[in-house]
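See below for the structure under consideration.
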Amino acid sequence: MARIQKKHRQQQLIEKIQSSPFLTDEELARLLDVSVQTIRLDRLELGIPELRERTKLMAEDAQTKVKAISKGEVVGDLIDLVLGKSGISMMVVTPEMVFEKTQVARGHHVFSQANSLALAVIDAPAAVTGVANIKYKVPIKIGEKLVAKAEVVKQRGNKYFIWVKTRNEAQEVFRAKFIMVSLD
């Protein structure tokens, strides 16, 4: 009986990591109602690397695909990229990114993450931002991990219509609708 439970738990672990690759061992343990050590043993048995290594491998793969801007110009860590379709980046808010008095993140850092991700998604040698419609939904604080997901929703000629949604661990904190213009 325990064997079936283990197989089922490991299958759930694989599914959770595939759908949310940035889950920590602690978060996975909470979701699957087991100990952190059990998660680590299951990951080891399944050959699934720890979060830091998963993130690094995804970032290395994504960086090789960028066309419209230089790899180092993406704000945050580029984690996944399917040119012409979608992309994901991650950024942790540091003390240098916030206003001293309120400890709220400066908007241009959050915008830069979304804007550079939108540029990275474009399957063109060069592009610029034509239009940006943005909305800051909730204040963002030091230490928050921001995950931005970009999706190309339409392409018309040399114009790419891209939606970017940025979330912290709990909710959507920022959204942007861009019209990016390819210069080729």
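The values are calculated or read from the model by the stated rules, or taken from the named source; none is laboratory data. These figures come from a predicted structure and were not determined experimentally. Reconstructed Cβ throughout: ideal geometry from the backbone, glycine too, with neighbour counts over all protein chains shown.
Structure above, values below:
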quantity	calculated
Residue selected from segment 7-25 under the condition part of a helix (DSSP H, G or I) and free of Cβ contacts under 8 Å to residues at least 12 places away in the same chain, by the criterion nearest to Lys145 (Cα to Cα)	Ser19
Failed item in (1) surrounded by fewer than 16 Cβ atoms within 10 Å (Cβ to Cβ); (2) free of Cβ contacts under 8 Å to residues at least 24 places away in the same chain; (3) closer than 28 Å to Gln18 by Cβ, with Lys85 passing the rest	(2)
Qualifying residue in segment 104-122 (condition: in contact with a strand residue (DSSP E or B) (Cβ under 6 Å, 6 or more places away or on another chain), of a type in the set (D, E, K, R), more than 17 Å from Val74 (Cβ to Cβ) and surrounded by fewer than 17 Cβ atoms within 10 Å (Cβ to Cβ))	no
Count of segment 26-35 residues which are outside any helix (DSSP H, G or I) and acidic (Asp, Glu)	1
Pairs where the first residue, in segment 144-173, is at positive phi and the second is surrounded by 14 or more Cβ atoms within 10 Å (Cβ to Cβ) and modelled with pLDDT under 95, C-beta under 9 Å, 6+ apart	Gly157/Ser182
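One line per residue, one yes/no per condition, for (1) under 21 Å from Thr55 (Cβ atoms); (2) surrounded by 15 or more Cβ atoms within 10 Å (Cβ to Cβ); (3) under 13 Å from the mean Cα position of the chain (by Cα):
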| site | (1), (2), (3) |
| --- | --- |
| Ala132 | no, yes, no |
| Ile140 | yes, yes, no |
| Val147 | yes, yes, yes |
| Gln155 | no, yes, no |
| Thr166 | yes, yes, yes |
| Gln171 | no, no, no |
